[in-house]
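Asker: Dropping a structure here in structure tokens format, bear with me for questions.
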Amino acid sequence: MGKECQKIIRLKSLDDNTDIAALAREVVDKCKLIHPSKLSEVQHLISYLLTRKENVKDSHISLDNSSPEGTTEQANLNELESYMEMLYEEMPEKVRGASLILQLARNPDYLEELCQNETVLGALARVLREDWKKSLDLSYNIVYTFFCFSVFSNFHTVISHFKIGSLCMDIIDGELQRTDQYRDQLTKRKKGADGMADPAKLQQDYERNLKKYQAVVAKQDQVLRVCTYLLLNIAEDVRVEEKMRRKNIVGLLVRMLERESTDLLLLVVSFLKKLSVYMENKDDMGDLNIVEKVSRLIGTDNSDLLNVTVRLLLNLSFDANLRTKMIKVGLLPKLVSLIGEERHQQAVLAVLYHLSVDDKCKSMFTYTDCIPTVMKLVLSSPGPQVPLELMALAVNLAANKRNAQLICEGAGLKLLMKRALKYRDPLLTKMIRNIAQHEGPTRELFMDFVSELCEVVSSGGSDEFTLECVGVLGNLSLPDLDYCQLLTKYQLIDWIKNSLQPDAVEDDLALEVVVLLGTVAGDQAAAELIVETGILQALVNLLNAKQEDDEVVLQIVYVFYQLTRHESTRPQVISTTEVPAYLIDLMHDKNTEIRRVCDTTLDIIAENDEDWATRIQCHKFRWYNSQWLDMVEEAENIDTMGGEEMAGGEGLGHSFLHHSDVLDHQGMYSGKGDKYRLL
């Protein structure tokens, strides 16, 4: 319906004493658009409005349960102009007028009308800007009034128009400075009392000033709280938030962390959490030692404050330097003690997971109750999938040898294996795989579970659970384990050959199969079985297909190394021409580990085969003397073109040019191992 067919009727005197029937008749009489036959409907609407008005009383916008400062007088919208006039009087009247306007603003039904009255809002903004230093009550009432507008996004233009956000930041800064001055004065008084002739009198004076200081701080906390709340509301606009950052909102919030008011701290930490998602803000917080200042809040009894503090720490824990500070200030045992509290559990586990990423920190978990608590939560998890944050932490912790020993104490490993096999849980199996990587008594415990792991692998699956089971077997380098029997009993040879075919399985699974071969090849009987069944050629084909993948190349080269260690399999490796040739090509790979394993393997080959020893020696000579050889080649080209004069008369390296191959003359270089020099 168009606006020309509408008429807004404002019922300014609607309260519990209103005669609804009489008011309905008055509305019908004065409004020509309402037919008299609609009187009953008008009565019904007025009754509904009165009921809604009463319900709103319990849902007024409020920061606390206390009434606004300044007056207990009941405000009336009809008297708004007179309230505005009070703002031009002396301070008590200003406070009273601001308090009455605040009463109106706390009712959401009046915000639209107040928003349209720019004169009143302008007067409030002017008085706040001029007099906020003179009265905390006045500051509280006026900022609270604008806070009521900040609750609703469509009224944020009011806040920006009168620059209330910037003013609130000035108020926060000013009040914090005032607190520092009061505290310095108190400290001086306390020191002065020690040197006076009448310390008792001075002590009384100090205690009296202390009470005044505490009263002022309590009022300041209310002002700081409403200012912070207003800024938090308008910071939903990213552009406004950026303006705040340029005015050092982070610095102000961090300074307020020293306050004692729980309600204020809850708002401050919430605001910091919101800001911490941006790297610039996070860096500013780190420079202001936020971790040290927040750490004291971990011991708070207020559940809301504790929860938002942990979530702030979670945002900060993405930074390695801040994680280090968390450890230094002793947050680790405090956070571990919160794992059992359901409300904070997810966030706490996420923070602990980030801390456990650092290897130096992993060992520190040993000295807390984290391991037993995590084990209890993992084993008692009701569903087939353990919560992700919990498993992520458990996987990281298991990568430390001492932690792994604690996990396996009692029947720990047995219970983990039982659950992993029952639910085919890949993350839990990854945790077990990390435990298996540690040498010593812990690894020997796996002897009882090798058969079950082999059964899973031989089933032919290629999912993540199977991959992790292969990874566990690949870590089990046990002297008492009969690998040859395992390969034949569970028919793993054919499965391994099929898995090594290029693109037959996912790259991750192919890698784990190669790692498993590297472990199995350490046993001579198993190594012979690998060579006899043609797996060696499958490895060469895979190496050719995955030569760009350093990890796959490294593990394949390690398998070659293991096979060359056994006298019974060494000839087959050497006779497979591609293996030594590939190893020679990889001698100078960019990857340090690949070079190291290649050199060791080629040394073994050179010691047992003279022909390959000569080739390897020649290759090393060419590599170490490549610059000299290039000069020889250049001189040979010049000589061929008849341009010896161009090279300076005699021609560089001329005495060698008549030989068919410089490298055929063994007397030119000498040495042992891989160190050769030109004679």
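The values are calculated or read from the model by the stated rules, or taken from the named source; none is laboratory data. Since the structure is predicted, the reported quantities are computational estimates derived from the model, not experimental observations. Counting neighbours? That spans all protein chains shown, and the Cβs are built from the backbone with ideal geometry, glycine included.
Asker: State which residue is farthest from Val395 (Cα to Cα) when the search covers only the range 445-476 and only residues that are assigned to a loop (DSSP other than H, G, I, E, B) and either polar (S, T, N, Q) or outside the structural domain of Ile435 (by TED's automatic domain parsing) (or both).
Answerer: Among them, the one singled out is Ser459.
Asker: Still on this model: From the list Thr228, Thr187, which residue is in a helix (DSSP H, G or I), in the same structural domain as Asp109 (by TED's automatic domain parsing) and farther than 15 Å from Lys133 by Cα?
Answerer: Thr187
Asker: Under 8 Å between Cβ atoms, at least 6 apart or on separate chains: pull out the pairs that start in the range 358-387 with a residue that is surrounded by 17 or more Cβ atoms within 10 Å (Cβ to Cβ) and end on any residue that is among the polar types (S, T, N, Q).
Answerer: Lys362/Ser356; Lys362/Asn396; Lys362/Asn400; Lys362/Asn403; Phe365/Ser356; Phe365/Asn400; Phe365/Asn403; Ile371/Asn403
Asker: If a residue must be in a loop (DSSP other than H, G, I, E, B), within 14 Å of Ile556 (Cβ to Cβ) and of a type outside the set (Asp, Glu), how many such residues does the range 575-596 contain?
Answerer: 2
Yes/no matrix, rows are residues, columns are (1) of a type in the set (D, E, K, R); (2) part of a loop (DSSP other than H, G, I, E, B); (3) over 39 Å from the mean Cα position of the chain (by Cα):
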site	(1), (2), (3)
Asp480	yes, yes, yes
Cys484	no, no, yes
Thr488	no, no, yes
Lys497	yes, no, yes
Leu509	no, no, no
Val514	no, no, no
Gly518	no, no, no
Gly522	no, yes, yes
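Asker: Considering only the range 263-320, state which residues are within 14 Å of Gly251 (Cα to Cα) and among the hydroxyl-bearing types (Ser, Thr, Tyr).
Answerer: The one that is within 14 Å of Gly251 (Cα to Cα) and among the hydroxyl-bearing types (Ser, Thr, Tyr): Ser276.
Per-residue answers, yes or no, for (1) farther than 27 Å from Leu136 by Cβ; (2) surrounded by fewer than 16 Cβ atoms within 10 Å (Cβ to Cβ); (3) in contact with a strand residue (DSSP E or B) (Cβ under 7 Å, 6 or more places away or on another chain); (4) modelled with pLDDT under 80:
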position	(1), (2), (3), (4)
Asp19	yes, yes, no, yes
Ala24	yes, no, no, no
Lys32	yes, yes, no, yes
Gln43	yes, no, no, yes
Thr51	yes, yes, no, yes
Gly70	no, no, no, yes
Ala75	no, no, no, no
Leu80	no, no, no, no
Met86	no, no, no, no
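Table: residues versus (1) of a type in the set (D, E, K, R); (2) closer than 30 Å to Val310 by Cβ; (3) surrounded by 14 or more Cβ atoms within 10 Å (Cβ to Cβ).
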| residue | (1), (2), (3) |
| --- | --- |
| Lys201 | yes, no, no |
| Ala235 | no, yes, yes |
| Glu241 | yes, yes, yes |
| Lys247 | yes, yes, yes |
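Asker: When you scan the range 591-622, how many residues do you find that are surrounded by fewer than 15 Cβ atoms within 10 Å (Cβ to Cβ), touching a residue at least 12 places away in the same chain (Cβ under 8 Å) and basic (Lys, Arg)?
Answerer: So the answer is 1.
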